[in-house]
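Each remark here refers to the structure printed beneath this line.
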Amino acid sequence: MTNVSLFFPGASTERALLCPPSGLNFGIGLNYDIYRFDRIDSTNRYLLGLGEKGFPEGTVAVADEQTAGRGRFGRRWEGEPLSSLLFSVLLRPVFLKRDEIFIITFGAGLAVAEALEKVARVKPELKWPNDVLLDGKKVCGILLESNFEGDNLKSLVLGAGLNVNQPDFPAELKEKATSLFLATQRKFDREELFSGILTQFSLVYETLKAGDLYSVMRRWRERSAMFGKTVELSIGDRKVRGILDQVTDEGEVLVRTSEGAQRFTAGEISLSGIPSNETGEKK
Ligand code: BTN
């Protein structure tokens, strides 16, 4: 059974919000203990700290505002207070080998997309490796951060920033960012989205725990936005242009270039000619 118990974090510098009703039951999977903040530096940073202290998997931090939200590639993740859903989940996926941990990112993107479809009745698409798109623009970013001791995974923190009720974005983000509100002209209850995503992630996690990594990658591919399209992949200073052929069960992307097929385990993809799709982030 998945239970949600809610309590105060007891941290001196962060103020917890009044807790909503406790004891929500999400069915099966992870047991979630939810720590709520009106403002925090970063829910990912906070949970990495709790991970160090031995807190159990399923510990969750959610905030109305982050003052130092982290994005991929060391970027900042900005979110207008109260408009976004900003949360992180502490995981200890001991059932995965080190080279399988990547799948948590894909599983998280998939869970967000499936939950948005159920709760918000939208049709999200997925962009390698872990962006969720609506109308071709980024609506949710996902960041996985890990803490290893030698070869042993001590903790893994999965963070997600979902643009919910933003009526607009700054000029530099307009082309590449969207919110659920902008995509539907409807306002959404962040709490309902939050429980929908946690429920769906719990189900995906159960699938992974049962060893069915393949079905998660298959479902991810079914929602992928870019197969067959000409893309530009940036990795550090290197840029590769080609046709996005496949995303493998190992999470690699295959790009068909003029020099032949190339595979990548990391990088950032944008549709060729369109600037990199980074939403909510500032360099
Ligand atoms: C990306 O760059 O696309 C990933 C962005 C992830 C942002 C979320 S917001 C909640 C959690 N806490 C953080 O500091 N970052 C993640």
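What follows draws every value from the coordinates through simple rules; no lab data is involved. Keep in mind the model is a prediction, meaning the values are calculated, not measured. Note: ideal-geometry Cβ built from the backbone for every residue, glycine included; neighbour counts use all protein chains shown.
Loop-located trypsin sites (Lys or Arg not before Pro) in the stretch 66-107 (DSSP state not H, G, I, E or B) with no more than 14 neighbouring Cβ atoms inside 10 Å: LYS97. With contacts taken as Cα pairs under 8 Å at a separation of at least 6 residues, the chain carries a relative contact order of 16 percent.
Could you please rank LEU85, LEU96, placing first whichever residue has the fewest other Cβ atoms within 10 Å of its Cβ?
Values: LEU85 23, LEU96 19.
Ordered from fewest to most neighbouring Cβ atoms within 10 Å, LEU85, LEU96 come out as LEU96, LEU85.
Considering only ALA111, ALA120, ALA177, the Gaussian network model of the chain with Cα springs below 10 Å gives its largest mean-square fluctuation to ALA120. For the chain, the fraction of alpha-carbon pairs lying more than 29 Å apart is 29 percent, rounded to a whole number.
For the stretch 140-234, trypsin sites (Lys or Arg not before Pro) meeting the loop criterion (DSSP other than H, G, I, E, B) and having at most 14 other Cβ atoms within 10 Å: LYS174, ARG186, LYS187, LYS229. Put in line by how crowded their Cβ is, counting other Cβ atoms within 10 Å and starting with the fewest, VAL216, VAL122, VAL89 read VAL122, VAL216, VAL89.
Going from the residue with the fewest nearby Cβ atoms within 10 Å to the one with the most, SER234, SER258 rank SER258, SER234.
Using 0.36 nm times the number of residues separating THR230 and LYS209, minus their current alpha carbon distance, what extension gain do you get? The partial results should precede the final answer.
Numbers: separation 21, 0.36 × 21 = 7.56 nm, distance 3.51 nm.
Full extension of this stretch gives 4.1 nm more.
Over the chain, DSSP H runs of length four or greater, each weighted -39,500 (n - 2.57), average out per residue to a 222 nm ellipticity of -7000 deg cm²/dmol. Distances between placed amide hydrogens fall under 5 Å for LEU144 paired with GLY159, all partners being 5 or more residues away or on another chain. Summing charges over all other residues whose Cβ lies under 14 Å from the Cβ of THR230, with Lys and Arg as +1 and Asp and Glu as -1, gives +2.
Near ILE101: Cβ cut-off under 15 Å, other residues only, Lys/Arg at +1 and Asp/Glu at -1. The net charge is -4.
For the pair ASP99 and ASP245, what calculated FRET efficiency results from E = 1/(1 + (r/R0)^6), where r is the Cβ-Cβ distance and R0 = 22 Å, to the nearest 0.05?
0.50
Its relative contact order, with pairs defined as Cα atoms under 8 Å and 6+ residues apart, puts the stretch 64-184 at 26 percent. Here, the stretch 118-242 yields an orientationally averaged convex hull projection of 10.3 nm² when only Cα atoms define the hull. The residues packed around PRO56, meaning those with a beta-carbon under 9 Å from its beta-carbon, carry a net charge of -1 if Lys and Arg are +1 and Asp and Glu are -1.
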